[in-house]
1. What is the distance, in nm, between label points placed 7 Å from the Cα along the Cα-to-Cβ direction at residue 242 and at residue 109?
2. What nm distance separates the two modelled labels at residue 203 and residue 282, each placed 7 Å from Cα along Cα→Cβ?
3. Rank by packing, highest mean first: peptides 179-192, 208-221, with packing defined as the count of other Cβ atoms within 10 Å averaged across residues.
4. Tell me, what is the FRET efficiency for residue 189 and residue 312 to the nearest 0.05, using R0 = 41 angstrom and their Cβ-Cβ distance as r?
5. Compute the FRET efficiency between residue 173 and residue 219 as 1/(1 + (r/R0)^6), taking r as their Cβ-Cβ distance and R0 = 30 Å, and round to the nearest 0.05.
6. How high is the relative contact order of segment 165-319, given as a whole-number percent (alpha carbon pairs under 8 Å, six or more residues apart)?
7. Could you calculate the FRET efficiency of residue 73 with residue 141 from 1/(1 + (r/R0)^6), where r is the beta carbon distance between them and R0 is 45 Å, rounded to 0.05?
8. List 78, 203, 239, 259 from most exposed to least, where exposure is judged by having the fewest other Cβ atoms within 10 Å.
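Just so it is clear, none of the values below were taken in a lab; they were calculated from the coordinates. Being a predicted model, the structure only gives us computed values, none of them experimental. When we count neighbours, we look across all protein chains shown, and the Cβ atoms used for this are built from the backbone with ideal geometry, even at glycine.
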């Protein structure tokens, strides 16, 4: 409800202007001011004598008028002016507070008058009027200072929520997994190598978003699905904090970015007004499915990838995984020494063309075909002279 302008307000405005316009009506009349507030603590106004007569003004407005009069009489550049200017700021704030209190008091008085007039007009019982006045009293009652318990509750409510038990458990499991610890170190190194091309603008701290960036480095082994990404992100955060000794603070996250944010889908769709992972790269890299079945960041125009932002099937593969999966790496097999073929029964030796210069002149030997290039080789040789393979096919 807006403030109602009263005759007293108009008088106050006129009086302040009169007191501050000239030296004759500000500095000199100050000696003729009778401060009734000093004699009567209940009064919030003072009587001031001006050239136009005696008027009632608030003590705060009178204090402001005195300072304005002093400033008007003091030349520019005077050493005392800064002190008066500072005092004027405080006096002006006091006037504003006083005006606000006066407006509230006038509003309350108006509502109480309306309640009494209404009760009289409609013949309401005295208890009804009492309840109406009590409601007005409750509205304008001063707010009590909060108790220590209430203050503690407000502070606790304003604090950042700690991680849930599920998050704490998931972080601990990922930190204890030696396989993921090794992958975390590799992913961090790969991201360092790719950082120049990616141009990531996320602040490098071991919080949720930055750890999630590292898990999908283009030159890393990537992740098999979102469940794998979730676990690797937690392992990377643990690696940055405990191995690399990066500092942490209360603002560091403990959770993992959601898959819609990573793939710029849902409310994170481009043009939807909410930023996604794509906005974290000045290179505009985004999440993609590579030909090896792994998910990583990919720079624009990367060939042979499927973008999760637009490819529904690729996105379904990412979110559909139910268990973490380590990179599929074919084990390196130790070559088995070849078994020499059975010599021909007719006394005729199979003729060979390779490595004949290493055999004694006039001797006979057996040969076999290389499994890779089909060249004939002496079966006693360790490697194929053509491709270096060590496995043979007997003739």
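1. Output for this residue pair reads 7.2 nm.
2. About 1.8 nm separates the two model spin labels.
3. 208-221, 179-192
4. Efficiency at R0 = 41 Å is approximately 0.80.
5. Efficiency at R0 = 30 Å is approximately 0.65.
6. So the answer I get is 24 percent.
7. The computed FRET efficiency comes out at 0.50.
8. Result, fewest neighbours first: 203, 78, 259, 239.
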